[in-house]
Amino acid sequence: MDLRHAFAVLTVVSSLGCSGSTEFADAGGGDDTPADGSIAPDGGVGTVTVVVLGRFFTRGEPQPGVPVLFQDADGALITRAVTDASGEASAVVAGGSMVTVVDEDANWITTIVDVEGGDRLVVGHEREQGVSSGAASVAVPAGGSQYRVTGPCASGAGESTPVDVALTDGCGATQPLLALRNYVALDGVLYVPSQAITDGGDITINGPWQPPGTFTAALTGFDGASYAQLTTTVIGAGRRVGALAKDLPAAADGAIDATFPYPAAGDATLVSLVINGTTPGFQVYLDHTGDPRASLTLDAAATLPVPTLGSPFDGITWEDSSDHDGTFLRLTGEGAKGNQLATWEVALPPSMESFVPPALPDDLASLWEPVSIRTNVSVVESSGLADYAAFRAIASPSVVTSYLPFVLEGPLTVRISTGTR
């Protein structure tokens, strides 16, 4: 199954020549690029294209004038470009280079490591942010005291039926809908794979209510955990349809055990686990294929690649022996705009267990101050990803949590994340 998620990546690429507004550093040596710009058979040089899209309120819009740094494998600047009107910048690069995109408007730096000729790398938020497009009335079968109706572009709750549901754009004429009854102590679920719903419409979701699934969590190794929450998110048509969060019981000798109802509906269930009070912080995303007896068994001590900061800040290291498609690194530090934080995100091949951010040019250096750094390392594994090349090409996320990326779309099946705060 193609479970679709999305996440932000830091993009790094080095090159020997760029399109658009370009400033060349002294790279030295000759250019052995093939005449057609494609990558050489020996993994030599080829063209890498970076597409920069807006974030937040400019989500999905091409961003012109954004600096793109093409760097060698050690982070040394070879070529610098500025994105054109379509948000694109290209360069001929040697295999194993990096690309760093410095989006000053968003206080966001992205680096992708170990790129190859032929790569097309998207940085930013692909989907435009939904804006209000009205409301609809959705009737569901009675029998409860609480009702919630949600979809990728719909959300509403009430104590009676029908439920007033606010709508946003971005879903077209139809979208999947999820209805929950008595969602605090869930006892009924209805799912519609495709429902026409427009502003001012009166919609009816027919019953009967279906029983929820049962989710079992068996967690160990979380000594010192002060709070734990597990969220099950229904995925339909490649989008988040709705979610239900459950506070888990307190840890006893590092163990957390719980069984509770969850909405076993849609194409898949995305499981998000947040545990606070441990060192490091922790979050994990797992794909379940609608099994009504889903479970999560996890040993933190045997699973987590704990990040360690150099002091003074000279890079990040971690240990990881798992087999996976790539590693996602997220750094949050002081930015150039008063008390606003800056984010630096990096996509790394699975063989790497350390990263030193490349030096930024003097005119861009103030965006990132290496103090009060918070870090997160995510190990990414998926049956939908063929290799690291597929991993690094996935676009940035549309939503982030306080310190970890939140998966929305793309063929990402499993992600295990750890961090320091």
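Only the coordinates and a few stated rules stand behind these numbers; no lab work does. On a predicted model such as this, the values are computed, not experimentally measured, just so you know. Heads up, the Cβs are rebuilt from the backbone with ideal geometry, glycines too, and the neighbour counts pull from every protein chain shown.
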Taking Ser155, Ser86, Ser272 and counting other C-beta atoms within 10 Å, the order from fewest to most: Ser86, Ser155, Ser272
Residues Ile316, Ile109, Ile205, Ile78 arranged by fewest to most Cβ contacts within 10 Å: Ile205, Ile316, Ile78, Ile109
Placed amide H near Ser133: partners under 5 Å, 5+ positions off or other chain: Leu167, Thr168, Asp169
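Extension gain Ala252-Leu309, at 0.36 nm per residue separation less the Cα-Cα distance, in nm?
In short, 17.5 nm is gained.
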Fewest-first ranking of Thr49, Thr216, using other Cβ atoms within 10 Å as the exposure measure: Thr216, Thr49
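Quantify how much of the Cα-Cα distance distribution of the range 100-251 extends past 29 Å, in percent.
39 percent
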Separation in nanometres of the label points that stand 7 Å from Cα toward Cβ, at Ser132 and Glu159: 2.4 nm
Inter-label distance for Glu61 and Ser351, nm, one decimal - labels placed 7 Å from Cα along Cα-to-Cβ: 4.2 nm
Fully extended contour minus Cα-Cα distance, from Ala139 to Thr231, at 0.36 nm per residue: 30.6 nm
Förster-model FRET efficiency, 51 Å R0, Thr174 and Ala76, C-beta, rounded to 0.05: 0.50
Cα-projected label distance for Gln146 with Ala196, points at 7 Å along beta-carbon direction, nm: 3.4 nm
10 Å-binned pair-distance histogram of the range 213-300 (Cα, whole percent): 18, 52, 25, 5, 0
Additional length obtainable on full extension of the chain from Asp105 to Asp387, 0.36 nm per residue less Cα span: 98.3 nm
Counting DSSP beta bridges with both ends in the range 213-300, the antiparallel % (nearest 5): 85 percent
